[in-house]
Amino acid sequence: MILFKNVTKAYGEEESFAIENINLKIEDGEFVVLVGQSGAGKSTLMKLITGEQKPDKGEVFLGKTRVNDLRYGDMPKHRQSLGIIFQDFKLLPSKTAFENIAFAMEILGKDNLEISRKVPRFLNIVGMGAKVNRFPSQMSGGERQRIAIARALINEPKVLLADEPTGNLDVFNSWDIVNLLLKINEQLKTTIIFATHNKEVVNSINKRVISLDKGKIIRDSLDGKYII
């Protein structure tokens with residue numbers, strides 16, 4: 001469960017609120033869509049979950065962990081429970097699909113036997129089993145995003161944060177990635193928070209939609225509609 005209690009985060013000397021007095025509860029296994037214009041607070045909300053930002057007021061919880069209390073040394077363990085994907089993929093260009101995913105396990109000290117067992121499984125989950133030895137430059141944008149999703153899932157996080165994951169993709173690949181995220185949510189029971197500007201996608205997937213404007217939640221609805 002993710003819980004925000006009266007959370008405010010301001011930036012700059014003029015106290016410009018990125019998030020203002022947010023109260024929000026996301027249950028385990030939910031698929032939640034965050035919508036709003038640039039600067040509405042979507043990315044800040046995610047950074048408060050990861051601990052990259054700390055609230056100026058209020059409390060943020062991930063499960064029983066009060067994220068406010070985490071110190072620098074606590075962050076690696078905290079972030080093991082999170083997977084993060086971005087619109088620009090952030091793959092290592094000199095590594096193959098297998099190696100990019102394996103790297104996320106290597107930095108946690110996983111052994112080669114576990115890596116060789118798990119990486120092919122997650123490549124298959126994202127439909128990239130046949131591209132195991134391809135480098136990012138040899139893949140389409142949609143394929144690179146699939147590898148980024150597999151990398152985010154490889155350590156089996158409880159929560160997947162998807163920050164505009166279709167922002168650099170064409171219409172076909174955008175739908176492909178959205179359908180993949182829906183499948184992951186259904187099959188792996190991973191909690192997914194999906195930030196997007198794509199009104200058409202939001203209105204088609206029929207999931208909980210949280211609308212942000214100027215750092216405030218202006219709508220929280222189960223009707224699956226993008227309304228600002």
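What the table shows:
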{"item": "Residues of the range 66-87 classified as surrounded by 12 or more Cβ atoms within 10 Å (Cβ to Cβ) and part of a loop (DSSP other than H, G, I, E, B), total", "result": "3"}
{"item": "Residue under evaluation Ala18, criteria (1) modelled with pLDDT under 95; (2) surrounded by 19 or more Cβ atoms within 10 Å (Cβ to Cβ); (3) of a type in the set (A, V, I, L, M); (4) within 15 Å of Ile193 (Cα to Cα), criterion not met", "result": "(4)"}
{"item": "Selection count, the range 152-170, where residues are closer than 23 Å to Lys199 by Cα, buried (at least 23 other Cβ atoms within 10 Å of the Cβ) and among the small types (Gly, Ala, Ser)", "result": "1"}
{"item": "Odd one out for Arg121 among (1) within 22 Å of Asn185 (Cβ to Cβ); (2) modelled with pLDDT under 95; (3) not aromatic (Phe, Trp, Tyr)", "result": "(2)"}
{"item": "Checking Ala195 against (1) without any contact (Cβ under 8 Å) to a residue 60 or more places away in the chain; (2) touching a Lys or Arg at 6+ places or on another chain (Cβ under 8 Å), the condition it does not meet", "result": "(1)"}
{"item": "First in the range 67-85 and farther than 16 Å from Arg151 by Cβ, second anywhere and of a type in the set (S, T, N, Q), Cβ under 8 Å, 6 or more apart", "result": "His78/Thr50; His78/Thr65"}
{"item": "Single match in Ile147, Ile217, Ile210 (criterion: out of contact with any Ser or Thr (no Cβ under 6 Å at 6 or more places or on another chain), among the aliphatic types (A, V, I, L, M) and part of a helix (DSSP H, G or I))", "result": "Ile147"}
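Residues are listed down the side, and each one gets a yes or a no for (1) at pLDDT 95 or above; (2) surrounded by fewer than 23 Cβ atoms within 10 Å (Cβ to Cβ); (3) over 16 Å from the mean Cα position of the chain (by Cα):
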site	(1), (2), (3)
Gln138	yes, yes, yes
Ala150	yes, no, no
Phe172	no, yes, yes
Leu182	yes, yes, no
Asn185	yes, yes, no
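The values are calculated or read from the model by the stated rules, or taken from the named source; none is laboratory data. Remember, predicted model here, so these are calculated numbers, not experimental data. Cβ coordinates were reconstructed from backbone atoms using ideal geometry, including for glycine residues, and neighbour counts include every protein chain displayed.
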